[in-house]
Amino acid sequence: MIKAKLTLLPFCCLLFITGCNKTSKEPVSVISDEEQIDIHSKKLNDWFETQFQEEVSESPMMQTYLGVKTEDYGKWDDVSSKKEVEDLDKAKKRLKYLNDSIDVAKLNKETALSYRLMKEDLRNEIDDFQYRFYDYPVNQMHGMQAEIPAFLINMHKIENKNDADAYISRLEGMDELFAQQSENIKIREKNGIVPPKFVFAKVLNDCRNLVTGKPFDDSNNESTLLSDFKSKIEKLEISKEEKDSLISKAEFALKGDVKTAYDQLITLLEDQQQRATTEDGAWKFPKGNTFYNNALRRTTTTNMTAEQIHQLGLDEVARIHKEMKDIMTELKYEGTLQDFFKFMKEDERFYYSNDQVGREEYLKRAVGLIDNMKSRMDELFITKPKADIVVKAVEPFREKSAGKAFYQRGTPDGSRPGTYYANLYDMEAMPKYQMEALAYHEGIPGHHMQISIAQELEDVPKFRKFGGYQAYVEGWGLYNEFLPKEIGLYNDPYSNFGRLAMELWRACRLVVDTGIHAKKWTREEGIKYYTDNTPNAESDAIKMVERHIVMPGQATAYKIGMNKILELREDARSKLGNELFDIREFHDVVLTNGAVPLTILEELVNEWVASKSNTSEAKKTS
């Protein structure tokens, strides 16, 4: 944090006079321009911190994500529509403060960037309020039916009896939390927003999984949450009587409040399911086309239209298909690309066994890939994360509907490491030849590195450390599937094919997302496009298309972000030449400002290029 040099002066004081006599000839001490910049920058950064802490104080769940325990450790967030209105009013007041009270000319460079980012975020939040009901609060990708149990299992640590009581308190509060979300679902239906029919079976299955086993029934198996609670309690150094008492309280809350929460949600979803249709695209919403175009702008942080994104996808699919055919030639494979896809899908050598042994082998190799990449980091990066990373399989209660792989950030203090989750429900959807690309994307040098470095930055406000722009974040992840190839990894042609298959998958996303939401493609048309153009399993294609449907625009972030990072890198290399261009410095520019819109990333890279060029010219003339 930048500190004011004249620490004895109040912020409102721009100069002071030593001595009280107006006719005194003693010198006048004037605050320099540099000191004014320090004072005004600190004032704004203090304001940013105040706003961030206000957000944290209103969110018990964010406190837990950050590894902070307060008196709210046993509470849930307010997810009501009333809270959304309150948040809108807060955003308007914050924007007014920035517009009326801040002189940007008196801010240092870093704080001026924070000012721009905060203003843009607030404007977007205000503008997007009209679309606050244009989502499905409960779907197969997201929703408290699965995310709340995952939160308790992965985020709520029990280190003492008070933590255990807080866990029980959260169990007791689930009925109220779910009731708020149920009301949100009803409001959306009144506004014409109902999930498509396929969503309901998946969500209902997740709900029923969570209320199966002891203490909900007489089966021999424990329910997911009871098992988690008991395993955490067993590690406490308290008496058996205290442990038994806590477990008894948890069982009572599970049979009462938790069961009530899920039963009421199940009843609501079963009722709504009867009115659901097979119309999948955002075009079915009121003003759906306007909403979708806005979603694309927010996701990509560009002004690309749906048609432009669709065409980019088609072009990228054609390019990657050509590179794949080059690998077929290298392998002396005779046949069509579709024949090769079939070969890669069906040959057993490319898959671990679909049992516990195969799953353990997969996780072990994934850890090995990440550890090997750690040993190569100095070749590509200057700034590296301090936080550690672990690899886990997606939990059984949500693996059937969850995505292929994802990353969960750790805590800023390192008490909880970042986690790379691999979904091993269907081992045929997790081929060996895609393992490298997945590990590099979700782990190192992808999401774990980018997110951890952002959290560890010292001179930026917290809203930037913990915020994000999908095109930047996912673009970085996809870029880092490609990057290891430049230092000699992917030396197996099948593994390199797997890398291309992963990039191809993201290129197809541009085509299918816009196809569904702008061109009225059906779910079946989207699935067919994937199975015709990629080597992935049909189960992959089904999950991906269903993800497109419930998250309009989100999947376009990856390829557009990657392309922009590569474009900026090659432009910088072209301008600086091989003598001046240092890929480690380029990565530092990308990483050490936290997540930013692609437009601002371009500005930052161009500033770095200009600075390097000017320094070089100065040396030549000196």
Looking at segment 232-262, which of the residues that are closer than 14 Å to Asp175 by Cα and more than 33 Å from the chain's Cα centre (by Cα) is surrounded by the most Cβ atoms within 10 Å (Cβ to Cβ)?
-> Lys255
Single match in Ser219, Ser248 (criterion: part of a loop (DSSP other than H, G, I, E, B) and either among the small types (Gly, Ala, Ser) or assigned by TED's automatic domain parsing to the domain that holds Gly74 (or both)) = Ser219
Just one of (1) part of a helix (DSSP H, G or I); (2) out of contact with any His (no Cβ under 6 Å at 6 or more places or on another chain); (3) farther than 30 Å from Leu107 by Cα; (4) not acidic (Asp, Glu) trips up Asn491, so point out which.
-> (1)
Go through segment 111-143 and give me each residue that's assigned to a helix (DSSP H, G or I), touching a residue at least 40 places away in the same chain (Cβ under 8 Å) and not charged (D, E, K, R).
-> Thr111, Leu113, Ser114, Tyr115, Leu117, Met118, Asn124, Phe129, Tyr131
Test His587 against the criterion of being under 18 Å from Leu483 (Cβ atoms) and crowded, with 20+ Cβ neighbours inside 10 Å, and give yes or no.
-> yes
Looking at Met373, Met430, which is the one that is of a type in the set (A, V, I, L, M, F, W, C), closer than 22 Å to Gln450 by Cα and more than 19 Å from the chain's Cα centre (by Cα)?
-> Met373
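What residue, of Gln273, Gln308, is farther than 22 Å from Tyr131 by Cα, modelled with pLDDT of 95 or more and not assigned by TED's automatic domain parsing to the domain that holds Met551? Steps first, answer last, please.
Values: Gln308 fails: not assigned by TED's automatic domain parsing to the domain that holds Met551.
Every option except Gln273 fails the conditions.
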In segment 190-208, is there at least one residue being touching a residue at least 12 places away in the same chain (Cβ under 8 Å), in the same structural domain as Glu270 (by TED's automatic domain parsing), in contact with a helix residue (DSSP H, G or I) (Cβ under 7 Å, 6 or more places away or on another chain) and small (Gly, Ala, Ser)?
-> no
How many residues are at pLDDT below 95 and small (Gly, Ala, Ser) if we restrict to segment 5-57?
-> 4
What about Val473, is it of a type in the set (Val, Ile, Thr) and either touching a strand residue (DSSP E or B) at 6+ places or on another chain (Cβ under 6 Å) or closer than 30 Å to Leu66 by Cβ (or both)?
-> yes
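Here's a check for you: in segment 159-176, which residue that is part of a helix (DSSP H, G or I) and touching an Asp or Glu at 6+ places or on another chain (Cβ under 8 Å) is farthest from Leu246 (Cα to Cα)? Quick ask: steps written out before the conclusion?
In the first step, residues of segment 159-176 are kept if they are part of a helix (DSSP H, G or I); the result is 161-172, 174-176.
Still in the running and touching an Asp or Glu at 6+ places or on another chain (Cβ under 8 Å): 161, 171-172, 174-175.
Working: Lys161: 9, Leu171: 12, Glu172: 13, Met174: 18, Asp175: 20 Å.
It comes out as Asp175.
Looking at segment 101-160 only, could you name the residues that are of a type in the set (Val, Ile, Thr) and in contact with a Leu (Cβ under 8 Å, 6 or more places away or on another chain)? Reasoning before the result, please.
First pass over segment 101-160, keeping only residues of a type in the set (Val, Ile, Thr): 102, 104, 111, 126, 138, 148, 153, 158.
Within segment 101-160, Ile102, Thr111, Ile126, Val138, Ile148, Ile153, Ile158 meet the criteria.
Looking at segment 282-289, can you tell me whether even one residue there is out of contact with any helix residue (DSSP H, G or I) (no Cβ under 9 Å at 6 or more places or on another chain), surrounded by 15 or more Cβ atoms within 10 Å (Cβ to Cβ) and either under 30 Å from Ala518 (Cβ atoms) or not assigned by TED's automatic domain parsing to the domain that holds Val512 (or both)?
yes
The values are calculated or read from the model by the stated rules, or taken from the named source; none is laboratory data. Because the structure is a prediction, the values reported are computed rather than measured. Cβ sites come from the backbone with ideal geometry, for glycine too, and all protein chains shown count toward neighbours.
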